[in-house]
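S.K.: First the structure, then my questions, so here it is.
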Amino acid sequence: MTSSLRFAISPSAAGPEPHELAYQAESVLTAHRMLHERTGPGAEFTGWLDLPRRHDPEEFRRIKEAAARIRSDSDALVVIGIGGSYLGARAAVDALGHAFHNLLPPERRGGPQIFYAGTDLSPRYLTELFEALEGKEVSVNVVSKSGTTTEPAIAFRLFRAYLERRYGKEGARRRIYATTDRARGALKHLADAEGYAQFVIPDDVGGRYSVLTAVGLLPIAAAGIDIDQLMAGAADAAAEYSEPDMERNPCYQYAAARHALYRRGLTTELLVTYEPALRATAEWWKQLFGESEGKDGKGIFPAAAAFTTDLHSMGQYVQDGRRILFETVVQVERPAVDIPLTGGDGADGLGFLEGQTLHRVNHMAFLGTRLAHTEGGVPNLTLTLPELTPYHYGQMLYFFQKACAISGYLLGVNPFDQPGVEAYKQNMYALLGKPGFEARRAELEARLRG
Ligand code: PA5
């Protein structure tokens, strides 16, 4: 096993105190048993728990084969999906790929540009995406477990027509990769009928826990990222974080610490990164925790900030505003590259930086900010990745998934359902005139008229 992630709780008068964590040890153990013995709410969606150690080698081989084909015949891959069906892929591609991946010359990129669609209902976005794709060879990976989610279904309807116009039916068929349910749903039936290459989202893995299935792995591999290493990191994390004793399990310490802080009344967790490549990871994390915990009138509100950028916009509030926050920093210890700060003439007033490096400045910003914020009453939890490699990133994905499940059980909710997401969909369908929603439509229209 290579080196692990490190988790630390900074000393702060705002908590959590060691005894607050100690009080949680019993509950954490109960949550651990509920999860591992599959006796807790939503147990039927806990397939992600040992997925890294028991993933299907045949599916893995097919994913790599498809990724190699996309890399060889496509200038652009459009990933169509929403929520858990795209956030994990985007998080990993951004974190582990080049910051300017899509702008690099093809020979430097070595694979397709990656675009995302089906993530909103904006006509402008799709129109301009089609414009951006002009002259490029395009493949599409459509990802939807239910196969009926409106945003990706509309985007796929448009992309399917576009590919068929450009390449003919047979040519389009070879450029469409469908990741969906094993047996059910509109996308599954369409993929069967049209003969698209298909990848399975296992029944027992929900959207926001699916990044280590074909949902995330196909686009990640198509972007040229080593998915063997990603899975190896997740598999080692699965072993390390299956330790029932919280004292020896950093993942459970994180779950217990955030729960202790919530009980103190700190209802917002700010995920902080100092590396722009991790911005999309924060979006993935927000969905994971927000959709898993925010229910039954409970839950920590997950927010994100990219420092030092947001210290110049959100920093004032964090330091001095209402005390509802705690921070979780995802920190990278050794950067992939560094820039020495040498050769200045001192005219910019930064002579004291001579001989230091940009990473050191970033690191001192982190240490200085952490001290300032904890003194200002914002508790701080820090998760350190030794390096931003596929291996450590795989460890981190698993760390947060496991911590999220344990957190949900500590909170007393089902961390694997999302009943609240339905409300807007029902209203939208009714307003759009979907058959079966006539009564709801009349009621909503009356309300809209006031
Ligand atoms: O985490 C979840 O379950 C959701 O975010 C889903 O991933 C999202 O709603 C997309 O659903 P589907 O894959 O069925 O299109």
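Any read-out appearing in this document is the output of simple, stated calculations on the displayed coordinates, not a laboratory observation. Computed from a predicted model, the values in this text were never measured in an experiment. Note: ideal-geometry Cβ built from the backbone for every residue, glycine included; neighbour counts use all protein chains shown.
S.K.: If you take the Cα atoms of the stretch 330-428, find Rg, then find the Kirkwood Rh from the mean of 1/r over all pairs, what is Rg/Rh?
M.R.: 1.18
S.K.: Consider all pairwise Cα distances in the stretch 387-439 and report the whole-number % of them above 12 Å.
M.R.: Here the long-distance tail beyond 12 Å is 74 percent of all Cα pairs in the stretch 387-439.
S.K.: Which one, 162, 314, 398, is farthest towards the positive end of the dipole of the chain when Lys and Arg carry +1 and Asp and Glu -1 on their Cβ?
M.R.: So the residue we want is 162.
S.K.: Follow-up question, since we're still on this one. How do 216-225, 255-264 rank on mean C-beta neighbours within 10 Å, highest first?
M.R.: Listed from highest to lowest mean packing, they are 216-225, 255-264.
S.K.: How far apart, in nanometres, would the label points at residue 13 and residue 69 be if each is projected 7 angstrom from Cα along the Cα-to-Cβ direction?
M.R.: The answer from the label model is 6.4 nm.
S.K.: For the cross-link pairs 64/286; 286/402; 169/434; 295/425, which exceed 21 Å when the distance is taken from alpha carbon to alpha carbon?
M.R.: From the list (64/286; 286/402; 169/434; 295/425), the Cα-Cα distance tops 21 Å for 64/286; 169/434.
S.K.: Taking 20 °C and 1.002 mPa s as the conditions, I'd like the Stokes-Einstein D for the stretch 123-212 in µm²/s, using the Kirkwood hydrodynamic radius from alpha carbon pairs.
M.R.: Answer from the Stokes-Einstein relation: 156 µm²/s.
S.K.: Let me ask something additional. Might you report the magnitude of the Cβ-based charge dipole of the chain about its Cα centre, with Lys and Arg at +1 and Asp and Glu at -1, to the nearest 20 debye?
M.R.: Computed charge dipole of the chain: roughly 1240 debye.
S.K.: Size of the stretch 228-375 along its principal axes in angstrom, Cα-based, largest extent first?
M.R.: Taking max minus min along each principal axis of the Cα atoms, the stretch 228-375 gives 59, 43, 28 Å.
S.K.: Here's a follow-up. Averaged across orientations, what area in nm² does the convex hull of the alpha carbons in the chain project?
M.R.: The number I arrive at for the chain is 25.3 nm².
S.K.: At 1.306 mPa s and 10 °C, plugging the Kirkwood radius over alpha-carbon pairs of the stretch 47-122 into Stokes-Einstein gives what diffusion coefficient in µm²/s?
M.R.: For the chosen part, D equals 112 µm²/s.
S.K.: Still on this structure, please answer the following. Within the set of other residues whose C-beta is less than 15 Å from the C-beta of residue 103, count the net charge using Lys and Arg as +1 and Asp and Glu as -1.
M.R.: 0
S.K.: Dipole magnitude of the stretch 187-283 about its Cα centre, charges +1 at Lys/Arg Cβ and -1 at Asp/Glu Cβ only, in debye to the nearest 20?
M.R.: The dipole of the stretch 187-283 has a size of about 520 debye.
S.K.: Please compute the Cα-Cα pair-distance distribution of the stretch 21-82 with 5 Å bins starting at 0, giving whole percents from short to long.
M.R.: Pair shares across the bins are 4, 13, 12, 13, 13, 12, 9, 8, 8, 5, 2, 0.
S.K.: For the stretch 249-311, what is the largest minus smallest coordinate of the Cα atoms on each principal axis, given in angstrom and ordered from greatest to least?
M.R.: Rounded to whole Å, the extents work out to 32, 25, 21 Å.
S.K.: What percentages, rounded to whole numbers, describe P(r) for the stretch 1-144 computed over all alpha carbon pairs with 5 Å bin width beginning at zero?
M.R.: All Cα pairs considered, the percentages come to 2, 7, 10, 14, 15, 12, 11, 9, 8, 7, 4, 1, 0.
S.K.: Per residue, what volume in Å³ does the convex hull of the Cα atoms of the stretch 158-205 enclose?
M.R.: 68 Å³
S.K.: Starting from the stretch 20-129, pick out the GluC sites (Glu not before Pro) whose DSSP state is loop and whose Cβ has at most 13 other Cβ atoms within 10 Å.
M.R.: 37
S.K.: Name the chymotrypsin sites (Phe, Trp or Tyr not before Pro) in the stretch 57-108 that are in a loop by DSSP and that have at most 10 other C-beta atoms within 10 Å, would you?
M.R.: Hits after loop and neighbour filter: 100.
S.K.: In addition: Which value results for Rg/Rh of the stretch 115-264 when Rg is the Cα radius of gyration and Rh the Kirkwood radius based on the inverse mean 1/r?
M.R.: 1.09
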